[in-house]
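Visitor: Have a look at this one before I ask anything.
FYI, it's all coordinate maths here, none of it is from the lab. As the structure is a computational prediction, the values presented were derived from the model and not from experiment. Cβ placement follows ideal geometry from the backbone for every residue including glycine, while neighbour counts extend to all protein chains displayed.
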Amino acid sequence: MRIGVLTGGGDCPGLNAVIRAAVRKGEQTYGHSFIGFRDGWKGPLEGLTMPLDVAATRGILPRGGTILGSSRTNPIGVDGGIEQIRSNLSELGVDALIAIGGEDTLGVATRLSAEGLPVVGVPKTIDNDLGATDYTFGFDTAVQIAVDAIDRLHTTAESHHRVLIVEVMGRHAGWIALHSGLAGGANVILIPERPFDIAQVCEYIEHRFASHYSPIVVVAEGALPAEGTMALQDQGVDAFGHVRLGGIGAVLEREIGDRTGKEARATVLGHVQRGGTPTAYDRVLATRFGLHAIDAVHEGESGVMVALRGTDILRVPLADATRELKTVSLERYEEVEVFFG
Ligand code: F6P
């Protein structure tokens, strides 16, 4: 078999580990050959390829990013996009595709497999918001990066008696904020699932200062104030129609400063959370996903995604992967509220 591999959407530590594992087992155990598609769905759409074999994947296990490149190209939004992909794959002699991506990339994979193209999906996102899998690789690394930053911010916040606000990624789901805030001992955690009351946030802050400690606020980029309480700016959208977020930290900085009279400063972690080497946990999960994905392709499966359930890797219908976003439940959020203030 000749198998195409692509990585789509925002990059994520562990992508290279998936590629390496699938290629190693595919070539060594099953005798398959591979072709790399560059820059997400743009690769199959425009016929952008690169050689992919065991030699090309040597040494990439600890490397962040993706050797294949990524993009947010959406072929479904391109006129004749699906037919273009079908004809490119057939010209290149590709029998099956492994698509590694999040909600958007796997949404395209679902559509292609429904159109009869053999695709196996691998879930990826630092946001950990895909419903069909307990965890996605990249999440653990992103949380660790955020916790390292929060640990450092605590000491400088204390020295200057400031409120330090840490803006982390998470447009619809607050998993990174919840886990990093909990592990980093934040005094307030704000997530998209729970619109916040700025007056309550300021109360927590005052309370923290009253106990002679400086507050740390962790806020997910998609967190929103409860209706009518604070104004936010308009933002642009990407190819999948997602609003480009970022900026809630700066808004909070102003608002908290004005309301409490304390000096507030925001740190936006941004793409730092997606860069660099994956943690050991993410390397193991990504490698296992790669191994199970190539097994699925070898067995002739299509329209499935590998998923983590407990400690096992299972195959689930691709359609399930994107059906529901896994968001933070009220119970999970209430669990950590005891540490607020
Ligand atoms: O989907 C993953 C993610 O990291 C989100 O948390 C974030 O909103 C988005 O990607 C930002 O990606 P980019 O700036 O690359 O478009």
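Visitor: Would you mind working out the magnitude of the charge dipole of the stretch 139-275 relative to its Cα centre, with +1 at each Lys and Arg C-beta and -1 at each Asp and Glu C-beta, to the nearest 20 Debye? Don't jump to the answer; show the numbers that get you there.
Guide: Working: 11 positive and 17 negative charges, 38 e Å.
Using only the charged Cβ atoms, the result is roughly 180 debye.
Visitor: Rounded if a/c is under 1.5, else prolate if a/b beats b/c, else oblate: with a ≥ b ≥ c from the C-alpha gyration tensor eigenvalues square-rooted, which is the stretch 272-328? Let's see the in-between values first.
Guide: Working: a/c = 2.03, a/b = 1.29, b/c = 1.58.
It is oblate, given that a/c is not under 1.5 and a/b is not larger than b/c.
Visitor: Per residue of the stretch 200-209, in order, report the coupling 6.51 cos²θ - 1.76 cosθ + 1.60 (Karplus, θ = phi - 60°) as ³J(HN,Hα) in whole Hz, putting x for Gly and Pro.
Guide: Once rounded to whole Hz, the list reads 5, 4, 5, 4, 4, 5, 4, 4, 5, 5.
Visitor: Taking only Cα atoms, what is the 0 to 90° angle, nearest 10, from helix 139-160's long axis to the longest principal axis of the chain?
Guide: Taking Cα atoms only, the helix is inclined about 20 degrees.
Visitor: In the P(r) worked out for the chain, what percent of Cα pairs fall beyond 38 Å? Could you put the intermediate results ahead of the total?
Guide: On the way: 12698 of 57970 pairs.
Tail fraction, whole percent: 22.
Visitor: If you average 1/r over all unlike Cα pairs in the stretch 139-275 and invert the result, what Kirkwood radius do you get in angstrom?
Guide: Result for the stretch 139-275 stands at 14.9 Å.
Visitor: While we're here: Relative to the longest principal axis of the C-alpha atoms of the chain, give the angle of the C-alpha long axis of helix 248-260, reported between 0 and 90° and rounded to the nearest 10°.
Guide: Tilt relative to the chain: about 10 degrees.
Visitor: Same structure again: What does the charge count near residue 136 come to, summing +1 for each Lys or Arg and -1 for each Asp or Glu among other residues with Cβ under 12 Å from its Cβ? Please report the intermediate quantities before stating the final value.
Guide: Values: positive: 124, 326; negative: 103, 127, 129, 134, 140, 282.
It works out to a net charge of -4.
Visitor: Under 5 Å between amide hydrogens, which residues at least 5 positions from residue 35 or on another chain qualify, with H placed 1.01 Å from N in the peptide plane?
Guide: 3, 4, 5
Visitor: Same structure, new question: Mind telling me which of 95, 148, 312 comes out most flexible in a GNM of the chain, alpha-carbon contacts under 10 Å?
Guide: Checking each option, the largest mean-square fluctuation is seen for 312.
Visitor: What is the distance in Å between the Cα centres of the stretch 12-88 and the stretch 107-143?
Guide: Here the two parts' Cα centres lie 14 Å apart.
Visitor: When a footprinting reagent is the concern and you count Cβ atoms within 10 Å, what order do 122, 147 take, fewest first?
Guide: On the way: 122 32, 147 19.
The fewest-first ordering by Cβ neighbours comes to 147, 122.
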